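Q: Dropping the structure in here first, questions after.
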């Protein structure tokens with residue numbers, strides 16, 4: 001399964017919801033991403049088939065190591081970029097929206113340089 005931006009968004013949403021609520025179901029993902037339940041159900045089936053998640057008998061979603069790695073990478077980018085943009089004077093709301101747009105498209109090299117620069121300016125961003 002190729003991981004596209006939308007798939008990264010799903011995995012990131014599962015991670016964020018898990019941090020916020022402790023447990024995650026498909027309906028939670030649908031609400032967070034403002035998608036239909038059937039769309040999320042189809043995506044979750046693909047993620048299960050490809051080893052990114054598993055669902056327990058009660059319908060709770062658990063990230064498996066490959067899904068966890070992708071979710072952590074994207075969410076880490078999102079958090080650093082949001083804080084960095086806010087430090088530049090961008091409003092928190094706009095910083096979060098822009099970080100979401102940027103987080104998927106930056107190369108590893110470019111993100112690493114932004115991260116180094118951001119942390120050099122403000123070690124609290126690490």
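Rule-based calculations on the coordinates, nothing more; no lab input. In this text, all values refer to a predicted model and were calculated from it rather than measured experimentally. Positions of Cβ are generated from backbone atoms using ideal geometry, with glycine treated the same way; all protein chains shown enter the neighbour counts.
Q: Nearest 500 deg cm²/dmol is fine: what mean residue ellipticity at 222 nm does the chain get from its DSSP H runs of n ≥ 4 alone, each adding -39,500 (n - 2.57), divided by its residue count?
A: So the helix-based figure for the chain works out to -22500 deg cm²/dmol.
Q: So between residue 62 and residue 6, what do we pick up on full extension, going 0.36 nm a residue minus the alpha carbon distance?
A: 18.3 nm
Q: Hey, can you rank 45-57, 61-73 by average C-beta count inside 10 Å, highest first?
A: 61-73, 45-57
Q: Kindly identify the range 75-125 as rounded, prolate or oblate by the Cα gyration tensor criterion: order the square roots of the eigenvalues as a ≥ b ≥ c, call it rounded if a/c is under 1.5, otherwise compare a/b with b/c, prolate if a/b is larger, else oblate.
A: Oblate shape, in that a/c is at least 1.5 and b/c is the bigger or equal ratio.
Q: Return one number: the angle in degrees, 0 to 90 and rounded to the nearest 10, between the long axis of the Cα atoms of helix 65-87 and the longest principal axis of the Cα atoms of the chain.
A: Between helix and principal axis, roughly 30 degrees.
Q: Grab the Cα-Cα distance for residue 31 and residue 120, subtract it from 0.36 nm times how many residues apart they are, and report the gain in nm with one decimal. Mind dumping the intermediate values first?
A: Values: separation 89, 0.36 × 89 = 32.04 nm, distance 3.74 nm.
28.3 nm is the gain from fully extending residue 31 to residue 120.
Q: For helix 5-21, what angle does its Cα long axis make with the longest principal axis of the chain, in degrees from 0 to 90 and rounded to 10?
A: 90 degrees
Q: Next up: Could you tell me how many degrees, from 0 to 90 and to the nearest 10, lie between the Cα long axis of helix 108-121 and the main elongation axis, the longest principal axis, of the Cα atoms of the chain?
A: Between helix and principal axis, roughly 50 degrees.
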